[in-house]
1. Residues that are closer than 15 Å to Gln3 by Cα and hydrophobic (A, V, I, L, M, F, W, C): does the stretch 71-92 have at least one?
2. Of the conditions (1) open to solvent by less than 40 Å² (accessible area, probe 1.4 Å); (2) over 15 Å from the mean Cα position of the chain (by Cα), Ser84 fails just one. Which one is it?
3. Answer yes or no: is there a residue in the stretch 56-66 that is in a strand (DSSP E or B), open to solvent by less than 10 Å² (accessible area, probe 1.4 Å) and on the phi < 0 side of the Ramachandran plot.
4. Any residue at all in the stretch 59-76 that's free of Cβ contacts under 8 Å to residues at least 12 places away in the same chain and within 17 Å of Ser25 (Cβ to Cβ)?
5. Could you list, in sequence order, all residues of the stretch 101-121 that are open to solvent by 40 Å² or more (accessible area, probe 1.4 Å) and part of a strand (DSSP E or B)?
6. Mind checking whether some residue in the stretch 32-47 is open to solvent by less than 50 Å² (accessible area, probe 1.4 Å) and over 15 Å from the mean Cα position of the chain (by Cα)?
7. Got at least one residue in the stretch 67-77 being open to solvent by less than 50 Å² (accessible area, probe 1.4 Å), over 17 Å from Val119 (Cβ atoms) and in contact with an Asp or Glu (Cβ under 9 Å, 6 or more places away or on another chain)?
Amino acid sequence: QVQLVEHGGGLVQPGGSLRLSCTASGTILMIYTMAWYRQAPGKQRELVAHITNVGATNYVDSVKGRFTISRDNAKNTVYLQMNSLKAEDTAVYYCYCNADVPAPPGIRAYWGQGTQVTVSS
């Protein structure tokens, strides 16, 4: 099994910054895509940003220029640096990865438990 543990959520004022981190643990052969999703109250979960194992990134339009996703493959960790935060960024942020595991063999999707980000004055 693979566990994803997120850190870094909290309350921040509009215009402020937060950095989320998520570390995968367990018996892992290879982690391919790592990503951050978010879900605001009453809304569907949406993809915020993803990064491949070779570093290619993609962002939802609403966060381009404000958020940066990065990863440390040696630590099985993905980060989300969030700057110029807005009230509409308020949501539960979920970490995601797809990983190749040995038992049972195969590539599977895994999710973190979520961390609350609240942007409010």
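The values are calculated or read from the model by the stated rules, or taken from the named source; none is laboratory data. Computed from a prediction, not measured in an experiment: that's the story for all the values here. Note that each Cβ is placed from the backbone with ideal geometry, even for glycine, and that neighbours are counted across all protein chains shown. Just the protein is used for accessible areas: all its heavy atoms, side chains included, with ligands, DNA and RNA removed. Shrake-Rupley method; radii C 1.70, N 1.55, O 1.52, S 1.80 Å.
1. Within the stretch 71-92, one or more residues are closer than 15 Å to Gln3 by Cα and hydrophobic (A, V, I, L, M, F, W, C).
2. Result: Ser84 fails condition (1) only.
3. No: zero hits.
4. The answer is yes, given that some residue of the stretch 59-76 is free of Cβ contacts under 8 Å to residues at least 12 places away in the same chain and within 17 Å of Ser25 (Cβ to Cβ).
5. Once the filter is applied, which keeps residues that are open to solvent by 40 Å² or more (accessible area, probe 1.4 Å) and part of a strand (DSSP E or B), the stretch 101-121 yields Pro102, Pro105, Ile107, Arg108, Ala109, Trp111, Gln116, Thr118.
6. No, the stretch 32-47 contains no residue that is open to solvent by less than 50 Å² (accessible area, probe 1.4 Å) and over 15 Å from the mean Cα position of the chain (by Cα).
7. no
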